[in-house]
Every structure is written in C-alpha cells, then in structure tokens.
Amino acid sequence: MNEWLTIKEHIKTWVKEVGKEQLIRMEQPFQMKSKSSDIDLVTEVDEWSEQYLMDKIKSQYPHHAIMTEESGWHEGQAEYEWVIDPIDGTVNFAHRFPFFCISIGVKFQGETVIGVVYVPKIDEMYEAIKGSGATLNGKPITVSRTERLNQAVVATGFPYDRATDPNNNVNHFNAIITKVGGIRRTGSAAIDLCQVAAGRFDGYWELKLQEWDICAGLLIIEEANGKTFSYKQEKGYQVLVGNPAVFNELSGILNWE
Ligand code: IPD
Ligand code: CA
Ligand code: CA
C-alpha cells in the first residue's frame, strides 16, 4: 500500500509536468497525422507526452510493464503494469479546444490499484487507490444522488469508425436523448468518467473504448461509490457507469447486462 502511495505521488508529479508542456505546445504549430481513420488523430504532442512519461517510469521503475496508446506493449518482469493515454481528447487538443487530459492506471497482479486523471487546463487532479476512496484536488468525491433519468445529465461519445460501421452508438443515443435531463459529449472518455465520479454527470456510456481510455477512470468511479460495467468486445470495451439509480435506468435501455 505504501508502495502504491509512492507510485501515485510520482504519477502526479509527472502528469503535472507533462500537462504544463501540453498547454504551451497547444498554442504553437504542431504536426499531426491520422491513424485508424481520417478522424482518428495523433499529434506530435501525444507522442512527446508518451515518451516523457515512459522515460520517467523506466528510470524509476525499470522492471514494470507499460501499455500505451501510441506505442503499445512494453514488456516487464514485475507484477506491475502501467496503462497510459498521454492525451485523452486528442481531437479537442488538435482543435485547440482545451478539454483533454492525461490518464494513467496502474495494475498490480492484473487488478487496477491506482488511477490518476489530470486535466491541465483547469488544473484538476482526479486520483484513487483501490480501497481508499477517490479525490479531486485532494478532496473526497462521490457520485451524485440523482434518482430519476429525466433529471439526469449523462455523457457519451461516438467511435472513430462511426461512418463505416453501423454499430456507432447512434441507436443508443436516440433511445436515451428523449429520456434524460441533458446529454453531453466532452470528447474525452477519461474526463467523462471523472465527471461521473465527481457527481457532476449522473451517468455515462460508450462503446469501442480501449483500456487506456478507461483504466484509471473506472477505478476512480468505483472508489467514488459509482456502479460500473465494462465488457470487452472485438473492437473494444462497452462501458456503462453511473450513480446506482441512473446506472440501472440506463442499463435497462441499453440492455447490455
Ligand atoms: C477518444 C476520446 C473520445 C472517445 C473515443 C476515444 P483519444 O480518445 O476518449 O471521447 O469518444 O472513443 O478514442 O483518441 O482522444 O485518445
Ligand atoms: Ca483515449
Ligand atoms: Ca489518446
């Protein structure tokens, strides 16, 4: 446990350093290219951020395994595995809409035990250690108490292959939009998850998410007493989270469980 605390403090220092640099680089010209489709982007700042974090981890914890969005799997011998999204919300970043974050989860013996999500523009640090609760900038957070769906504000997102694969969440969006108090699409799955943990959003669902999008955020919600469901499919994870009441309502509509 003490070791987890030490790791978390390292992560917080490193994500603050990376976030500060991301905000500077966002204002300057940067290179970018597309990945799985024309709308799935990676910028040189994603790559720089990932390399910066990997260098720090490798110097401090040389035996830990690392999984990152941009460079994949880096083998290690220890029981620890880091799961990193260097910029979650790359499309926002590329458009200089400053709503993006760094998301880092750490697994011990296959189970997520540390989650940190840092949103540089608003200087918000979400963190959790398994069994110890979740905090936002050091203060405990918990999911909302909203019970009725027609008063709930929920978030979602749409996959990068939405133009070519009809399993693109539009059907679920149509089923839910008329039943909720409000719906939001922030452009960052990790930020969406943290908004549910902080009680600002009452629920969130999305499909085709990858482990680096959700590893930290799911732990943060669980530690904030939220309910979570994640199920790995061929193209990624179906994810549903919320306060328990809104989770159950959304689950009834999505029919995922
Ligand atoms: C994306 C964001 C977005 C979600 C996409 C993710 P990226 O991650 O989290 O909100 O809808 O499914 O891939 O590409 O910005 O790291
Ligand atoms: Ca992501
Ligand atoms: Ca990313």
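Where a number appears in this text, it was derived from the coordinates with a stated rule and is not lab data. Predicted, not measured: the structure shown is a model, and the values here were computed from it. Please note: Cβ atoms are built from the backbone with ideal geometry, for glycine as well, and neighbour counts cover all protein chains shown.
List of remarks:
- Ordering of 190-203, 84-97 by burial proxy (mean other Cβ atoms within 10 Å per residue, highest first): 190-203, 84-97
- Note on Y118, Y80, Y61, Y204: ascending count of other Cβ atoms within 10 Å places them as Y61, Y80, Y118, Y204, the fewest first.
- Relative to the longest principal axis of the Cα atoms of the chain, the long axis of helix 244-254 makes an angle of roughly 70 degrees.
- Estimated purely from DSSP H runs of n ≥ 4, each contributing -39500 (n - 2.57), the mean residue ellipticity at 222 nm for the chain is -11000 deg cm²/dmol once divided by its residues.
- Using only alpha-carbon positions in segment 127-232, the gyration tensor eigenvalues give semi-axes of 24, 17, 10 Å once each is multiplied by 5 and square-rooted (largest first).
- For the chain, a simple Cβ point-charge model (Lys and Arg +1, Asp and Glu -1, everything else neutral) yields a dipole of about 780 debye relative to the Cα centre.
- Candidate lysines - alpha carbon under 25 Å from K232, same-chain residues fewer than 8 apart omitted: K35, K107, K130, K208
- Potential lengthening between Q210 and K35 on full extension [0.36 nm per residue; Cα-Cα distance subtracted]: 61.5 nm
- Spatial separation of Cα centroids for segment 39-109 and segment 200-217, in angstrom: 16 Å
- 0 to 90° range, to nearest 10: angle between helix 2-26 axis and the chain longest Cα axis: 90 degrees
- Ordered by the number of other Cβ atoms lying within 10 Å of each residue's own Cβ, fewest first, T112, T228, T142 fall into the sequence T142, T228, T112.
- Rounded to 10°, Cα long-axis angle of helix 211-223 versus longest principal axis of the chain: 70 degrees
- Mean projected area of the Cα convex hull of the chain, taken over all directions, amounts to 12.9 nm².
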